[in-house]
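Undergrad: One structure coming up, written as structure tokens, with questions to follow.
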Amino acid sequence: MEFQFYNKHELKLCAIRCFIIGIIIMGLGGLILFLISHNFIISNFIIIGGIISSAVYSILIYSRDFIDEKYGIFDSEFSGFSYQYMVILLGCLCIGLSFASFGIGLVQGGIYSAIAFSLTSYFPFIFMFLRLNVYKNENSRWLKVECENGDAYYKKVFGYHPVFYYLIGTIFVMGPLGMSTHNILNSIFLKSYPVNMQKDKR
């Protein structure tokens, strides 16, 4: 990926274009999901999450220069984004996943499940962002590549790929943490409910 350096006006147009494309994609995705599942609640939450994710992504694009100065976007060793910026972009995915989890939890397990799993969907991103120093270019590694003619050469590749660790964290952390949060919310509100009932009887 070769970078094109835009001025502020061009960045604004690029951000608006990405926002519109994101809305179209999520709108079509929500419509297809509704036709498959016939569930209006889940598809609505996915569309809302997609719109907010697209808006945040557009803001990140427009604020590219500020983020580059603070965290570093461009990579001198690779032809793509830096590790740090890839972690930051995953925050947009977390927003969409949170709204999707809320809709699915609301339909399948009620309001406590919806709140629990939507909140815990942010945990992998928060942990990765706090450990942003792990995802740096200095942690890249050399990979030996063999050509068809038998020659070999070394090229630098990602050492800790943020997307891979985000998916692993989401799969293995969100489930147990979501259940624990659900049980905590459930116990808190169930304990307070009988007390309120007793007061009403008096």
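Undergrad: Residues of region 48-85 being open to solvent by less than 70 Å² (accessible area, probe 1.4 Å), among the hydrophobic types (A, V, I, L, M, F, W, C) and at pLDDT 85 or above, which ones?
TA: Answer for region 48-85, where residues must be open to solvent by less than 70 Å² (accessible area, probe 1.4 Å), among the hydrophobic types (A, V, I, L, M, F, W, C) and at pLDDT 85 or above: Ile51, Ile52, Ala55, Val56.
Undergrad: Using the structure shown, decide if Ile42 is at pLDDT 85 or above, surrounded by 12 or more Cβ atoms within 10 Å (Cβ to Cβ) and under 24 Å from Ala100 (Cα atoms).
TA: No: the conditions fail for Ile42.
Undergrad: Within the bounds of region 105-127, is there any residue that is aliphatic (A, V, I, L, M), under 30 Å from Lys12 (Cβ atoms), part of a helix (DSSP H, G or I) and modelled with pLDDT of 85 or more?
TA: Checked against the condition, which is being aliphatic (A, V, I, L, M), under 30 Å from Lys12 (Cβ atoms), part of a helix (DSSP H, G or I) and modelled with pLDDT of 85 or more, region 105-127 yields at least one hit.
Undergrad: Would you be able to say whether some residue in region 25-34 is open to solvent by 80 Å² or more (accessible area, probe 1.4 Å), modelled with pLDDT of 75 or more and not in a helix (DSSP H, G or I)?
TA: Checking region 25-34: not a single residue is open to solvent by 80 Å² or more (accessible area, probe 1.4 Å), modelled with pLDDT of 75 or more and not in a helix (DSSP H, G or I).
The values are calculated or read from the model by the stated rules, or taken from the named source; none is laboratory data. The shown structure was predicted, so the numbers you read here are calculated from the model rather than taken from an experiment. Because the Cβ atoms are built from the backbone with ideal geometry, glycine has one as well, and the counts that use them run over all protein chains shown. Surface areas here come from the heavy atoms of the whole protein model, side chains and all, with no ligands, DNA or RNA. Shrake-Rupley method; radii C 1.70, N 1.55, O 1.52, S 1.80 Å.
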